[in-house]
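Heads up: the structure comes next, in structure tokens.
The values are calculated or read from the model by the stated rules, or taken from the named source; none is laboratory data. From a predicted model like this one, the values you see are computed outputs, not experimental measurements. Every residue, glycine as well, gets a Cβ built from its backbone with ideal geometry; the counts of neighbours run over all protein chains shown.
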Amino acid sequence: MKALVATDGSENSMKAVRRALELAEKEKAEITLMSVAYFGKGDFDDMPPRIQEKLERQARDALERAKTIFEERGINVQTILETGVVPANNIIGRAKDDGFDLILMGSTGITGLERVLMGSTAAKVVAHAPCSVSVIR
């Protein structure tokens, strides 16, 4: 089984990471961690560079925290960092392109402006994913 785990570092997304760890340990699932810095450099060229750097750093930090959980158990895991205006589209696209069997993600993630602009990432992924989706609370 190949599982894609979307994480933004939020509490619920880290629960999804821990669920993926269980799958890796019990079922020998192949796990890929993914984080999306929610902006598109081409779309927001006027955005101050520090904001772009901060968003990328947050996504990278979320991946590193998640990866550490696997490394502490001696389990290899792949990581993917992408940028995008709608993280759900990145997640869905990656699942299609790489033939994942399962997507795991938190029911809620980062709140605030992202939620206002994009709505629920989890709902979009559930509605359009090419594979099963497990939404963790």
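Tabulated values for the structure
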{"read-out": "Filter result for Ala127 (buried (at least 16 other Cβ atoms within 10 Å of the Cβ), of a type in the set (Gly, Ala, Ser) and at pLDDT 90 or above)", "value": "no"}
{"read-out": "Every pair of residues 6+ apart whose Cβ atoms lie under 8 Å, when the first sits in the stretch 11-29 and is of a type in the set (D, E, K, R) while the second is outside any helix (DSSP H, G or I) and surrounded by 18 or more Cβ atoms within 10 Å (Cβ to Cβ)", "value": "Glu11/Gly106; Lys15/Gly106; Lys15/Ile136; Arg19/Leu104; Arg19/Ile136"}
{"read-out": "Residue count, the stretch 70-86 (criterion: in a loop (DSSP other than H, G, I, E, B) and touching an Asp or Glu at 6+ places or on another chain (Cβ under 8 Å))", "value": "4"}
{"read-out": "Residue check for Val133: in a strand (DSSP E or B) and either modelled with pLDDT under 95 or under 21 Å from Lys26 (Cα atoms) (or both)", "value": "yes"}
{"read-out": "Answer residue from the stretch 60-107, given it is modelled with pLDDT under 95 and among the polar types (S, T, N, Q) and is surrounded by the fewest Cβ atoms within 10 Å (Cβ to Cβ) among those", "value": "Ser107"}
{"read-out": "Matching residues in the stretch 6-33 - criterion: being over 14 Å from Arg137 (Cα atoms) and among the β-branched types (Val, Ile, Thr)", "value": "Ile31, Thr32"}
{"read-out": "Residues located in the stretch 27-59, provided they are outside any strand (DSSP E or B), surrounded by 15 or more Cβ atoms within 10 Å (Cβ to Cβ) and modelled with pLDDT of 95 or more", "value": "Ala29"}
